[in-house]
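Here's the structure, in structure tokens; my notes come after.
What follows draws every value from the coordinates through simple rules; no lab data is involved. Note that the coordinates shown come from a computational prediction; the quantities given were computed from them, not determined experimentally. For neighbour counting, all protein chains shown are included, and Cβ atoms are generated from backbone atoms with ideal geometry for every residue, glycine included.
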Amino acid sequence: MTATRHLLDYPRFLGRLLWMSTDGSWRFYTWMTVLTAIALVGANAWAHQLAEGMALTGMSDHVSWGLYIANFTFGVGLAAGAVMMVIPAYLYHDHEMHDVTLIGELLAIAAIAICLLFIVVDMGHPERAWHLLPGIGRFNWPVSMLTWDVVVLNGYLLINLHICGYLLYMRFLGRKPRKQWYLPFVFLSIFWAISIHSVTAFLYSGLGGRPFWNSALLAPRFIASAFITGPAFVIVLLQVIRRFTGLPIGEGPLRTLTSVMRVTVLLNLFMLGSELFTAFYTGGSHATAVRYLFFGSHGHHALVPWIWTAVALNITAAVLVHLPATRRHVGLLNLACALAFAGVWIEKGMGLIIPGFVPSTLHEVVEYVPTLTEWKITAGIWAFGLMVLTVAVKVALPVLSGQLAASHAAARH
Amino acid sequence: MSDILSRRTVMKGAGATLGAAAFAHAMAPLTEWSKDLTVDEFLQKHYKELTRDEMARILVHLKAEAKQKYGRDVDIKDLPPQEGVSFGYALNLSVCIGCRRCAEACHQENNHDRSTGNSYIRVLEMQQGSLDLEHGNANYDHPVPAEGKYYLPVQCHQCDNAPCVKVCPVQATWKEPDGIVVVDYNWCIGCRYCEAACPYHARRFNWTKPEIPPEELNPDQGYLSNRVRPQGVVEKCTFCLHRTRAGRLPACLEACPTGARVFGNLLDPKSPIRWVLENKRVFVLKEELGTRPRFFYFFDK
């Protein structure tokens, strides 16, 4: 086959996959309908926000980023965390993991889609996004860390789209994938996964005027917590896939991912403790934001219940993944995953973004509470991300298992 | 078999149509939003890339728009920085009484949204003997000056090493040759990274469309300064460049009843600002951050 034929055949192959993704059981249709409904509610709220202004959010000139950027930050972690399936498979030759690595890569794609949407809804003028295009707009690279984030996030998306697309297409054609066409990209994606979350941490830690973020530990903390949420999500996802598709997924990947989590939950707590020690033992104005977060300040306590919930969730999860009983009862493992996921969502989301702004740079304490509009848009984006993930997994599995192949297709016609 | 298949296809078609209709309905509020967005505005180039003719056309359009909205003739100029001028500002903390007339003058001069009472200046009531902002209070509500307090007005410091300029992903904000940091309201994407980066709380975002009664509108406007801003972009103090580039003083200075404010050309050895810098022990806020402000504070006694 010549290269030009692939140029036509590959889009046709993707088209077939997409068309196929509209077939399914009543369970699938119900799931997708519910997600569509939530996504539409979010889309409607966003349209209102764009028309009437971001005054519909709870943000202000004092707390100028909120729930959207909190979820964006968490989403980048989820995308980076998915690479925790790639590392054992390719660096440590874990063969069982190798078979399901693609699911991690599909998760990364869905998570990046979520991140990009959270940025779009946070913009006052999304229609001016073309100002970011190098050459056409005025891309302030390499000075602005935000431009680095644009580069690494879109790059990560493209790398994963290439790996998944290439491997699936070759499987579809019944050909052996050629190493030079995917292996370099797989190794690049490992390095790149670390970079997306480091750069996202540098967005915050590089700001000298915000002592709460201005910590060298921020990037390592981001990476550690990413390697909690990624594995936690995948552990549950693999079981869901096993249950609904009958794909034979062994216990190996679950065990490996649990081992990763055993380390990262402790590492994350340790680093949080280090930050707390430095802040509280030093005291003074630099600790005001941390005091506000954990104990409230000047009669303002909006984040206190959030952060203690996060601490409780993270500690419980850390205990659970280490209990011998968790090895025997998958229910306990799933509970630990859910708690860890929620704990990090709060800690790295609201617990990280908001105290950067409270107190403000002039030490005024103005609180932030997300509005209904923000919750609707946030739910809508997560629903959309789950739709992307569902469709991606749904079309990838028949190709992986050989149910859908070019030879079958040719025989039928 | 083909019957089932076609029924399925029909069902899918119905589902897709329903979905598309629901999506169109959900996005309907955007029709209102898109009314304000012309193709010319969408495609408008960055300020620094506009030719003289293009700028002239934009100004004509903006004036016509203001006439239509407010029923008044406004004058919007695009004054360039003057050769040999570099602006600096100093504030005498010994005489400032915290009356906040500067903040009010800023509110009027710069066509701020009336309902929010916005201003580029925040005045902190500070504890005598302390420069720790944590003990300051911007929301004091009692006769001034109060016993044991002094007052610290804060506005954009027009930093020479400005964190806000560094972080902007699209170069929508930059430092002009006369030292003023400006924003191209038609290029800003509204990400508010600059607002997070500024250590002095100098930037404001237009969370909604600013509303000003026509009779209160200041018709003397600058393209890069006090013209009525669009919704969804960031704005900031420009040392009133529509006034100062025409040889006048900033509105906040003219409003000050105690003469605490000193403004002028740093390159002119005979200017009052140079006299202050050479004869008073001045300091800048948060010097340790390395932002190199052009806004100085000093105590008289």
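Quick notes on this structure:
- Cβ crowding within 10 Å ranks B:75, A:94, B:141 as B:141, B:75, A:94, fewest other Cβ atoms first.
- Applying both filters, DSSP loop and at most 15 other Cβ atoms within 10 Å, to the GluC sites (Glu not before Pro) of the range B:103-147 gives B:147.
- Evaluating 6.51 cos²θ - 1.76 cosθ + 1.60 at θ = phi - 60° for every residue in the range A:13-20, the Karplus couplings come out as 4, 5, x, 4, 4, 5, 4, 5 Hz, glycine and proline recorded as x.
- Using equal-weight Cα scatterers in the Debye expression, the normalised intensity of the range A:1-151 in log10 at q = 0.12, 0.20 Å⁻¹ is -0.84, -1.31.
- Euclidean distance between Cα centres, the range B:58-91 to the range A:261-328, Å: 51
- 5 angstrom amide H check on residue B:154, placed H, neighbours 5+ away: B:122, B:123, B:124
- Charge dipole (Cα centre; +1 on Lys/Arg Cβ, -1 on Asp/Glu Cβ; no other charges) of the range A:1-153 amounts to roughly 380 debye.
- Overall, chain B carries a charge dipole of about 320 debye about its Cα centre when +1 sits on the Cβ of Lys and Arg and -1 on the Cβ of Asp and Glu, all other atoms neutral.
- Of the residues A:216, A:334, A:102, the one whose Cα sits farthest toward the positive end of the charge dipole of the range A:16-412, with +1 on the Cβ of Lys and Arg and -1 on the Cβ of Asp and Glu, is A:102.
- Per DSSP, loop GluC sites (Glu not before Pro) in the range B:191-259 with at most 14 further Cβ within 10 Å: B:211
- Spatially, the range A:25-79 and the range B:232-301 are offset by 43 Å when compared through their Cα centroids.
- Based on Cα contacts under 8 Å between residues 6+ apart, the range A:16-412 shows a relative contact order of 30 percent.
- When trypsin sites (Lys or Arg not before Pro) are flagged only if DSSP places them in a loop and at most 15 other Cβ atoms lie within 10 Å, the longest unflagged stretch of chain A comes out as A:179-413.
- By the rule of a C-alpha distance below 24 Å, with chain neighbours fewer than 8 residues away ignored, the lysines paired with residue B:301 are B:149, B:270, B:280, B:286.
- Using the Karplus relation 6.51 cos²θ - 1.76 cosθ + 1.60 with θ = phi - 60°, the per-residue 3J(HN,Hα) values for the range B:286-301 come to 6, 4, 5, 7, x, 7, 6, x, 9, 10, 10, 10, 8, 10, 6, 10 Hz, with x marking Gly and Pro.
- q = 0.08, 0.09 Å⁻¹: log10 I(q)/I(0) that the Debye formula gives for the protein assembly as shown, counting C-alpha atoms only: -0.71, -0.88
- With R₀ set to 56 Å, the beta-carbon distance separating residue A:191 from residue B:211 gives a calculated FRET efficiency near 0.65.
- Relative compactness, chain B, computed as alpha-carbon Rg over 2.2 N^0.38 Å: 1.25
- Distance-filtered residues of the range B:88-104 - backbone nitrogen under 12 Å, label point 7 angstrom along residue B:249 Cα→Cβ: B:90
- Relative pair counts by distance (%), Cα atoms of chain A, 10 Å bins: 4, 21, 31, 26, 13, 4, 1, 0
- Gyration tensor (alpha-carbon) shape descriptor, the range B:98-245, a/c threshold 1.5: oblate
- For the range B:1-155, the percent of C-alpha pairs falling in each 5 Å distance bin, counted from 0 to the bin holding the largest distance, reads 2, 6, 9, 9, 10, 10, 8, 9, 9, 8, 5, 4, 3, 3, 2, 2, 1, 0, 0.
- Overall, the range B:1-142 carries a charge dipole of about 640 debye about its Cα centre when +1 sits on the Cβ of Lys and Arg and -1 on the Cβ of Asp and Glu, all other atoms neutral.
- Compared with the dominant Cα axis of chain B, that is its longest principal axis, helix B:2-26 is turned about 30°.
- Taken as Cα centroids, the range A:195-257 and the range A:147-179 sit 20 Å apart, rounded to the nearest whole angstrom.
- Mean residue ellipticity (222 nm) of chain B, computed from DSSP H runs ≥ 4 via -39,500 (n - 2.57), nearest 500: -8500 deg cm²/dmol
- Of B:63/B:175; B:67/B:175; B:209/B:236, pairs whose Cα-Cα distance is over 19 Å: B:63/B:175; B:67/B:175
- Cα lying deepest toward the dipole's positive end in chain B, options B:257, B:238, B:105, charges on Cβ: B:238
- Cα→Cβ-extended label distance, 7 Å offset, between residue A:129 and residue A:405, nm: 3.9
- The range B:201-239: trypsin sites (Lys or Arg not before Pro) in DSSP loop, at most 14 other beta carbons within 10 Å: none
- Sum of -39500 (n - 2.57) over DSSP H runs of 4+, divided by residues of chain A (222 nm, nearest 500): -24500 deg cm²/dmol
- Per-residue ³J(HN,Hα) for the range A:331-339, Karplus 6.51 cos²θ - 1.76 cosθ + 1.60, θ = phi - 60°, Hz, x for Gly and Pro: x, 5, 4, 5, 4, 4, 4, 4, 5
- Going by neighbour counts of Cβ atoms within 10 Å, the residues A:197, A:93, A:131 line up, fewest first, as A:93, A:131, A:197.
- Extension gain, residue A:325 back to residue A:170 (0.36 nm per residue minus Cα-Cα distance, nm): 51.6 nm
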